[in-house]
Amino acid sequence: MKNGAEEIVVIGLGYIGLPTAIMFANSGYRVMGYEIREEVVEKINSGKAHIVEPEIDELLTEAIKSGNLRATSNPEDIAGKDVYIICVQTPLKEDKTPDLSYLEKAVKTVAKAMKPGSLIVIESTVPPLTTVRMARLIEELTGFKAGEDFYMVHAPERVMPGRIFKELVYNSRIFGGITPESAEKAEKLYRAFVKGQTFKTSSTVSEVVKLMENTFRDVNIALANEFAFLAHQYGINVFEAIELANTHPRVKIHAPGIGVGGHCLPKDPHLLIWPAKEGFGLIKLAREINDSMPLFTKDLLFSALKELNVPPEDAVIAVLGLAYKGDSDDTRNSPALAFIEEVEGDVKEVRTYDPFVPGTSGSVEEAVENADAVVIATDHSEFKNIDWERLGKLMRTRILIDGRHVVENPPRGFLFKGVGRGEY
Ligand code: SAJ
């Protein structure tokens, strides 16, 4: 352990918390990971990660062996430490408003454990003004004064699963303090392993920055999806048009498709507008457009079934890909699942094949055997090399619906339709 280094507690050992705890521990800090799931605590303490991520097993073993990292579910173990880093989920409720109960619970746990002078960092993505609100909550619970008796910062994570340990080091980081001194303290701490640029600001700016990043992407994808609707009406291939438009030096149109999934893009625009009273029509509409894409893909499928006189109630549909994006096993908020939910009750059978998701068919061949239509819902690399003419021989009716622009040239012998492929 580094001499005189702060003792750190990481609350919530998930996709962000565990890698962050490991990075601090392997930089010489003494780290206590706090997690309410007992089985996760046990696993981590035995040197095994409960999440899949390149390099995590070696790095966790190193952190545990050095004695710098230990996990616990006992609140007594985290009392009186210098730094508390909160990495808990902030999901949406059914009605699309944020569920901040995990965050509030974590903040209350910290309020009980902290000492005068503690630094509290929120890494979770939160609605604007939340960090200030949480500071007030701590003041009420402890009698401490924010900015004087304790320091508080919003420091959003910006990493991509599959690249977490690289991006934790090399991505730039924002430290939004409730006071400038708070931001300063957090920046100094994270310099232990961050090699990317670091920026200091207020906690509300930092909250908004994180939410704007994903809202920017969501709104741009919605625009691309709207271009796709238009392309169908004008009988053109939107991808050809996008490629040509993108030759302009200041234009970068995103990719239309079956929809937008994952744990960030479908959620963050809602968090951004939640505390606001007005002025967010575009952001809301973009969400609605992106959420409507599975239904649009269903319309393509059903018009193809009609053209070939296949009654939907007799149709067998094979969906290729369940993950929310290519070469990932993550099915959270996946548009593939939304699509299946839309069609399931109206057809005879829906089969699925995803090379990364257990519980689906064993192979593409198995999934498409005697099927009437194949729907590509995820752009896995494996799907780009499919020999459609060979596969078509196994099918009862040859309909191919491409929701992810995986197939460049429609295969011979198929009725082909794709999102944005209005020319066929
Ligand atoms: N998608 C499209 N068209 C596109 C790009 C994406 O339909 O042109 C779809 C994808 O298929 C997927 C969804 O959008 O279903 C989201 O994919 P993504 O690759 O845009 O994003 P995530 O959710 O995996 O990660 C994002 C990233 N944010 C940005 O690129 C601004 C990542 O850097 C963040 O760390 C992450 O959100 C997060 O945790 O906030």
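The values are calculated or read from the model by the stated rules, or taken from the named source; none is laboratory data. What you are looking at is a predicted structure, and each value in this text was computed from that prediction instead of being measured. Cβ placement follows ideal geometry from the backbone for every residue including glycine, while neighbour counts extend to all protein chains displayed. To get the accessible areas, we keep the full protein, side chains included, count just its heavy atoms, and leave off ligands, DNA and RNA. Shrake-Rupley method; radii C 1.70, N 1.55, O 1.52, S 1.80 Å.
Tabulated values for the structure
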item: Given charges at beta-carbon only (K, R positive; D, E negative), |dipole| of the stretch 237-424 in Debye; result: 520
item: Accessible area per residue in Å² at 1.4 Å probe, computed on the chain; result: 46
item: Over the chain: helical MRE at 222 nm, DSSP H runs n ≥ 4 each giving -39500 (n - 2.57), nearest 500; result: -12000 deg cm²/dmol
item: Antiparallel bridge percentage (DSSP; both residues within the chain; nearest 5); result: 10
item: Mean separation of Cα contacts under 8 Å, 6 or more apart, over the residue count of the stretch 7-203: relative contact order %; result: 18
item: Label point at residue 220 placed 7 Å out along Cα→Cβ; residues across the stretch 236-261 whose backbone nitrogen lies under 18 Å; result: 239-261
item: Under 5 Å, built H, 5+ apart or other chain: amide partners of residue 81; result: 115
item: Solvent-accessible area, 1.4 Å probe, carbon plus sulfur percent, for the chain; result: 51
item: Charge dipole (debye, nearest 20) of the chain; +1 at Cβ of Lys and Arg, -1 at Cβ of Asp and Glu; result: 1180
item: Added length on full extension, which subtracts the Cα-Cα distance from 0.36 nm per residue, residue 341 to residue 243; result: 32.1 nm
item: Enclosed volume per residue, in Å³, of the convex hull spanned by Cα atoms of the chain; result: 157
item: Sparse-neighbourhood loop sites, GluC sites (Glu not before Pro) in the stretch 81-141 - DSSP loop, at most 15 other Cβ within 10 angstrom; result: 94
item: Computed FRET value (nearest 0.05) for residue 74 with residue 366, which takes r as the C-beta separation and R₀ as 51 Å; result: 0.60
item: Exposure ranking of 293, 212 by accessible area [1.4 Å probe, largest first]; result: 212, 293
item: Heavy atoms of residue 172 accessible to a 1.4 Å probe, total area in Å² rounded to 10; result: 40
item: Cα-based shape type of the stretch 351-421, given that a ≥ b ≥ c are square roots of the gyration tensor eigenvalues and the cut on a/c is 1.5; result: oblate
item: Calculated FRET efficiency for the pair residue 58/residue 292, C-beta based, R₀ 35 Å, to 0.05; result: 0.20
item: Spatial separation of Cα centroids for the stretch 277-348 and the stretch 359-391, in angstrom; result: 17
item: Amide N proximity, the stretch 121-147 versus residue 212 label position 7 Å along Cα-to-Cβ, cut-off under 15 Å; result: 128-129
item: Angle between the chain longest axis and helix 335-344 axis [Cα atoms, degrees, rounded to 10]; result: 50
item: Whole-number percent relative contact order across the chain, with pairs defined as alpha carbons under 8 Å at least 6 apart; result: 11
item: Unsatisfied cross-links (Cα-Cα over 30 Å) in the set 185/210; 65/188; 195/284; 252/306; 166/267; result: 195/284; 252/306
item: Degrees between helix 293-307 axis and first principal axis of the chain (Cα, 0 to 90, nearest 10); result: 10
item: Sparse-neighbourhood loop sites, trypsin sites (Lys or Arg not before Pro) in the stretch 293-353 - DSSP loop, at most 15 other Cβ within 10 angstrom; result: 332, 348
